[in-house]
Amino acid sequence: MERSALDGFRVLDLGRVLAGPMLGQLLADMGAEVIKVESHQRMDGTRLGRPIIGDDIAGGDEGKWPNMQPMFHAVNRNKMAVTLDLKSPQGRQTFLDMASVSDVVTENFSPGVMDSLGLGYEELRRVRPDIVMISMSGPGAWGPRRHIVTYASQIAALCGMAAFIGYEDEEVLGISQTHYCDAAAATAGATAVCQALYYRQRTGRGQFIDLSQWEADTAFHAEAIIEYSMNKRVLRARGNYHPRMAPYNAYRCKGDDAWITIAVDTEEAWRGLCRVAGHPEWASDSRFRDMYERLRNRKELDKTVSEWTRNEDAYALMEQLQAAGVAAMPVMNIQDLYFNPHHQARKAFVETNHPLVGVEPIYGIPWRLGKTPGRIRLHAPSVGEHNAYIYQELLAIQGEMARSLEEKKVFW
């Protein structure tokens, strides 16, 4: 069996909702043994609610719903799961026992929560001196705003992303339905954990990682930051306008809500578009003859291009424009993505077999390491599915001790 990059590392995953669990998922995809720690009193938020499976409401009131949520399944694949009451003295000690045989602890609580539980980095170091711990709160572990409460929408507002979502000369729309900020913070967190493990491998020393999701997502706005620092100009929402390309937009095509994106950055590409459109005269039109004029007259240009594309099939037009050296792609919905031949060939989506849901497609691993590629080997776990393995086999809690802790609902 081929090895994965993080084989042999054990991670205790206290992540909740999206950013924290996705960090654990990225490590699990690369081979780490990731143990999700939650409790019946405080299950992961993505377990909650009424799941819709196909056209039917699934699970009834039989207690299955927490194990049938699609979002949970996506970001918690490849993990094991235990239930543990961290607020009880016995639960705290059990977690420390787990940490003593683990390499990494991940969490995305508000700053101070782990310390209040008696499970902060200094406590963890007492049981495992070389442990790596990452705390990925919204504001970071220290600073004047360390106590603020955030979700992805607040991080998008704080980091400036929300200010760019909207159209030129109109009110800011602000919030995207895709939680980019959670995914970006999770990716930054996984990178930081791998760096800390590499450092530990060379020095024998672990470390604490303080990751601010606010800062992690601010780093994606380099252009706006440089624009202000050099020119004192504040970039604002500008829709699909690009300051150095024209045409550059999404244009309606033939069919129900069909669109194509086109980006022209050179005169050669512009002439190629004119040929495909059957309008070579556009290239010599005084309004569009060079990039300067196209940018000056971009609204007229967009109208002209739209009048042509609205009668064209988006996919056929993409093929013609790409053959002419023009960057162009249809706007794909999720169905288009799933059945796209390129994604199918690269196995961008992977089918897992969940015991309650059946065959379930989830997104795959977006990078391919030639020697240690990683793989999706486990479906997302049910609540407390691996209690017996972790407590009885890994920690050797058996007999009267196990019965006592179960009766006290430490493992509940």
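Think of the chain as having a plus end and a minus end, set by charges on the Cβ of Lys, Arg, Asp and Glu; of Met161, Leu6, Ile365, Leu6 sits farthest toward the positive end of this dipole.
Considering all projection directions equally, how large on average is the shadow of the alpha-carbon convex hull of the range 347-412, in square nanometres? Kindly include the intermediate steps, with their values, before the conclusion.
Values: hull surface 26.4 nm².
That works out to 6.6 nm².
I need the peptides 65-76, 166-177 ranked by packing, meaning the mean over residues of other C-beta atoms within 10 angstrom, with the highest value on top. Kindly include the intermediate steps, with their values, before the conclusion.
Details: 65-76: 21.2, 166-177: 11.8.
For the peptides 65-76, 166-177, the packing ranking is 65-76, 166-177.
State, as an integer percentage, the relative contact order of the chain based on alpha-carbon contacts under 8 Å between residues 6 or more apart. All intermediate terms of the calculation are to be shown ahead of the outcome.
Values: 712 pairs, mean separation 82.1, N = 412.
Averaging sequence separation for qualifying contacts and normalising by length gives 20 percent for the chain.
Between Glu122 and Asn240, the distance separating the two model label sites (each 7 Å from Cα on the Cα→Cβ line) works out to 5.6 nm.
Rg and Dmax of the range 248-333, both derived from C-alpha coordinates alone, stand at 12.0, 37 Å.
Enter the angle in degrees (range 0 to 90, nearest 10) between the Cα long axis of helix 19-29 and the first principal axis of the Cα atoms of the chain, meaning the one along which they spread out most. Roughly 80 degrees, rounded to the nearest 10. Computed log10 I(q)/I(0) for the chain at 0.10 Å⁻¹: -0.83, from the Debye equation with unit scatterers placed on every C-alpha and solvent omitted.
The slack between Ala316 and Glu406, meaning 0.36 nm per residue of separation minus the straight C-alpha distance, is 26.1 nm. Computed from Cα positions, the angle between helix 267-277 and the longest principal axis of the chain comes to roughly 80 degrees.
Taking max minus min of the alpha-carbon positions on each principal axis, the range 79-182 gives extents of 58, 33, 25 Å, largest first.
Rounding to the nearest 20 debye, state how big the charge dipole of the range 1-46 is about its Cα centre with +1 on each Lys and Arg Cβ and -1 on each Asp and Glu Cβ.
The calculation lands at about 180 debye.
For the chain, the dipole from Cβ point charges (+1 on Lys and Arg, -1 on Asp and Glu) about the Cα centre works out to 900 debye, to the nearest 20. Would you please state which residues of the range 221-260 a label at Glu300 would reach in this model, taking the label point 7 Å out along Cα→Cβ and a backbone N cut-off of under 20 Å? Zone members listed by number: 241-249. Hey, quick one: spin label on Ile225, modelled 7 Å out along Cα-Cβ, who in the range 160-192 has an amide N within reach, i.e. under 12 Å? Of the residues in the range 160-192, 160 have backbone N under 12 Å from the label point off Ile225. Projected label points at Ile52 and Ala263, each 7 Å from Cα along the beta carbon direction, are separated by 3.3 nanometres.
When only Cα pairs under 8 Å and 6 or more residues apart are kept, what is the percent relative contact order across the range 248-333? Kindly include the intermediate steps, with their values, before the conclusion.
Working: 116 pairs, mean separation 36.9, N = 86.
Computed over the range 248-333, the figure is 43 percent.
In the range 248-333, a dipole from Cβ-located charges (positive for Lys and Arg, negative for Asp and Glu) runs towards its positive end, and of Thr261, Ala250, Leu301 it is Leu301 whose Cα lies farthest in that direction. In the range 200-325, taking the dipole from charged Cβ atoms about the Cα centre, the farthest positive-side position among Pro280, Ser212, Gln320 is held by Ser212.
Relative to the longest principal axis of the Cα atoms of the chain, the long axis of helix 222-231 lies at roughly 60 degrees.
Only the coordinates and a few stated rules stand behind these numbers; no lab work does. As the structure is a computational prediction, the values presented were derived from the model and not from experiment. Neighbour counts are summed over all protein chains in view; Cβ atoms, including those assigned to glycine, are modelled from backbone coordinates with ideal geometry.
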